[in-house]
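Visitor: Below are the structure tokens for one structure; questions will follow.
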Amino acid sequence: MKITKIVAYQVDLPLHEGKYAWSGGKSVDVFDSTVVRIETDEGVTGYGEVCPLGPAYLPSYAEGARTGIAAIAPSLIGQDPTELDVINRLMDATLKGHPYAKSPIDIACWDILGQVSGQPVSTLLGGANGDNFVLYRAISQRSPQEMADNVAMYREQGYSRFQLKVGGDPDVDIERIRQVAANMETGEKLIADANTGWLMHEAARVVRAVADIDVYIEQPCASYDECLSIRRRTTHPFVMDETIDGLEPLLRGHADDAMDVVNIKISKFGGLTKARQARDLCTSLGIAMTIEDSWGGDIVTAAISHLAHSTPTELLFTATDFNSYVTVDIAEGAPHRDNGRMSSSRSQGLGIAPIHKALGQPVLEASA
Ligand code: MG
């Protein structure tokens, strides 16, 4: 089987809440997503998606994804999309770094491998665990009262894990955590995600001020070393996210006892192939995981569902259903939340079929 054509589409994904806000005053109103279609000489077609969280979150941005795909695509024409490691090595040899640009291509190749083998991607990633898996809801940064109200609203929708976007003014953040925590119910989990937003003295104040509260602290500061310093000053369970983007920081984090949970975003690692490596390493090391991506629509959500569902249940801390945050559907067959939980499709490949009207005309195309 050979790749004959790689096509990309640009899709706008507005939000039901109108705006998503997190640390440092950063926010996004409409997400800029890129969908990749890979065609083959045997008529099998695969789809992938990447959607950075705006240009100021990770070192990734929507136009960069498309420029990166345009740079990589010609080298993949004529290659076998089912040979995932060969494809990944070729992508790395063609373009150094830029894992987010490679992610939708890798996902589309997994979609093809699943269709060719007649298996859902979750089976190829090790097999689905149980009927479904648990989701969290990200609570966009607002006033403490609004965030508490939103937690109550999403609890009504079935969510039991809430990730508060903090990383702002430490005094307000303390109030955000306290106000939401006051109404938490048995069995629920609360995460305060600063998304790198605090300086060390600010993070030190917040973790001390909420020392009596059952809350996870996620990525308080910008650098790994700053986070490690805060980790060593607190007894809160600790999540590392932005600074863990490959196996090396993961191994270092394990050696330093830097975290209890790691956030594995598919595009941060460069696709399902590399995210799976990280997932399997965490599984062997006993590190729990949040499995998600930076953002996305139906296709990213499908990819998340296959990786999350194939992660051992006790090690899957939580996962995300981004397609419920956005107002636009881009694929049929994508998984949807049911009472705060989700399951991956049992259909072959990703189990999705794109809605062509939603994708529009291609913005780039590479073929022989
Ligand atoms: Mg995070």
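Visitor: Are there any pairs with C-beta distances below 6 angstrom linking a residue in segment 258-281 that is over 21 Å from Thr34 (Cβ atoms) to a residue that is open to solvent by less than 20 Å² (accessible area, probe 1.4 Å) and at pLDDT below 95, with the two at least 6 apart or on different chains, and if so which?
Guide: none
Visitor: Okay, next question. Looking only at segment 157-164, decide whether some residue is open to solvent by 20 Å² or more (accessible area, probe 1.4 Å) and aliphatic (A, V, I, L, M).
Guide: So far as segment 157-164 goes, no, none of its residues is open to solvent by 20 Å² or more (accessible area, probe 1.4 Å) and aliphatic (A, V, I, L, M).
Visitor: Among Tyr20, Tyr61, which is the only one that is touching a residue at least 24 places away in the same chain (Cβ under 8 Å), of a type outside the set (Gly, Ala, Ser) and within 18 Å of Glu242 (Cβ to Cβ)? Before the answer, list the steps.
Guide: Numbers: Tyr61 fails: touching a residue at least 24 places away in the same chain (Cβ under 8 Å).
So the residue among Tyr20, Tyr61 that is touching a residue at least 24 places away in the same chain (Cβ under 8 Å), of a type outside the set (Gly, Ala, Ser) and within 18 Å of Glu242 (Cβ to Cβ) is Tyr20.
Visitor: Pick out, from segment 222-274, the helices (runs of 4 or more DSSP H) lying fully within it that include 3 or more residues that are in contact with a Leu (Cβ under 9 Å, 6 or more places away or on another chain).
Guide: Values: elements: 224-231, 247-255, 266-269.
So the answer is 247-255, 266-269.
Visitor: Do we find a residue being within 12 Å of the ligand (Cβ to nearest atom), among the polar types (S, T, N, Q) and touching a residue at least 12 places away in the same chain (Cβ under 8 Å) anywhere in segment 220-233?
Guide: Here is the first cut: in segment 220-233, the ones within 12 Å of the ligand (Cβ to nearest atom) are 220, 227.
From what's left, among the polar types (S, T, N, Q): none.
No, segment 220-233 contains no residue that is within 12 Å of the ligand (Cβ to nearest atom), among the polar types (S, T, N, Q) and touching a residue at least 12 places away in the same chain (Cβ under 8 Å).
So that you can scan it fast, the table gives a plain yes or no per residue for (1) open to solvent by less than 70 Å² (accessible area, probe 1.4 Å); (2) under 30 Å from Leu190 (Cβ atoms); (3) not assigned by TED's automatic domain parsing to the domain that holds Ala70:
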| site | (1), (2), (3) |
| --- | --- |
| Glu314 | no, yes, yes |
| Phe322 | yes, yes, yes |
| Val326 | yes, yes, yes |
| Asp338 | no, yes, yes |
| Met342 | yes, yes, yes |
| Leu359 | yes, no, no |
| Val363 | no, no, no |
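Visitor: I would also like to ask the following. Show the residue pairs meeting these rules: Cβ distance below 7 Å; 6+ apart or different chains; first residue within segment 177-205 and in a helix (DSSP H, G or I); second residue open to solvent by 30 Å² or more (accessible area, probe 1.4 Å).
Guide: As it stands, the answer is Gln179/Gln145; Met200/Glu226; Met200/Ser229; Ala204/Arg233, since those pairs meet every condition given.
Visitor: Additional query: Before we move on, is Leu199 within 24 Å of the chain's Cα centre (by Cα), assigned by TED's automatic domain parsing to the domain that holds Lys265 and not aromatic (Phe, Trp, Tyr)? Write out each step before concluding.
Guide: Working: within 24 Å of the chain's Cα centre (by Cα): no; assigned by TED's automatic domain parsing to the domain that holds Lys265: yes; not aromatic (Phe, Trp, Tyr): yes.
Answer is no for this residue.
The values are calculated or read from the model by the stated rules, or taken from the named source; none is laboratory data. Just so you know, these numbers come straight off a predicted model, no measurement behind them. Cβ: placed from backbone, ideal geometry, glycine included. Neighbour counts: every protein chain shown. Note: accessible area is taken over every heavy atom of the protein model, side chains too, but ligands, DNA and RNA are not part of it. Shrake-Rupley method; radii C 1.70, N 1.55, O 1.52, S 1.80 Å.
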